[in-house]
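Let me begin by presenting the structure, written as structure tokens, before commenting on it.
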Amino acid sequence: SVLNFINTIKLSKTPVITIGMGKAYSSGGLLLMAGHKRYIFQDTTFLLHDGTSGLYGSVAKLADGFEFQQKTEKRVKEYVLSNTKIDADLYDKNYRRDWFMNSSEMIEHGICDFIITDLDEIL
């Protein structure tokens, strides 16, 4: 799970810089948020959405999997709320849809910190 990579970045004593290039979609967007400094390019786009379960099996097993998935979704929500400027109401409003953002929206919502305008900024 991407949450394990996020935990590693968050626990790192060495600052980790994340750079969103192209499409920071789904777990890639969550990973971008984990950086101690978070950069994107002018045309980077972002997607936040509910998770995919891939569940199958008997009804009882589906119910067990659904219950576990709800816990994971709660953890992701807590992570997003604590690492962005997105509040619970805005998150809940957009939770069940594919929520795309362009670079200025990413800055506005605190997904990232800087838009790279010169490569020397990250070298």
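The values are calculated or read from the model by the stated rules, or taken from the named source; none is laboratory data. In this text, all values refer to a predicted model and were calculated from it rather than measured experimentally. Here Cβ is always computed from backbone atoms with ideal geometry, including for glycine, and neighbour counts include all displayed protein chains. SASA here: full protein model, heavy atoms, side chains in, ligands and nucleic acids out. Shrake-Rupley method; radii C 1.70, N 1.55, O 1.52, S 1.80 Å.
Inside the stretch 42-123, counting only strands (runs of 3 or more DSSP E) that do not spill past its ends, which hold 1 or more residues that are open to solvent by 60 Å² or more (accessible area, probe 1.4 Å)? Working first, answer last.
On the way: elements: 45-48, 99-101, 114-116.
Strands (runs of 3 or more DSSP E) meeting the threshold: 99-101, 114-116.
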Inset, instruction - Please verify whether the stretch 7-23 includes one or more residues that are assigned to a helix (DSSP H, G or I) and either open to solvent by less than 40 Å² (accessible area, probe 1.4 Å) or closer than 18 Å to Phe114 by Cα (or both). - result: yes
Inset, instruction - Return only the number of the condition from (1) more than 24 Å from Leu123 (Cα to Cα); (2) touching a residue at least 40 places away in the same chain (Cβ under 8 Å); (3) touching a helix residue (DSSP H, G or I) at 6+ places or on another chain (Cβ under 7 Å) that Ser27 does not satisfy. - result: (2)
Inset, instruction - Please list, ordered by first then second residue, the pairs with beta carbon atoms under 8 Å, 6 or more apart or interchain, first in the stretch 89-118 and at pLDDT below 95, second surrounded by 14 or more Cβ atoms within 10 Å (Cβ to Cβ) and in a helix (DSSP H, G or I). - result: Tyr95/Lys77
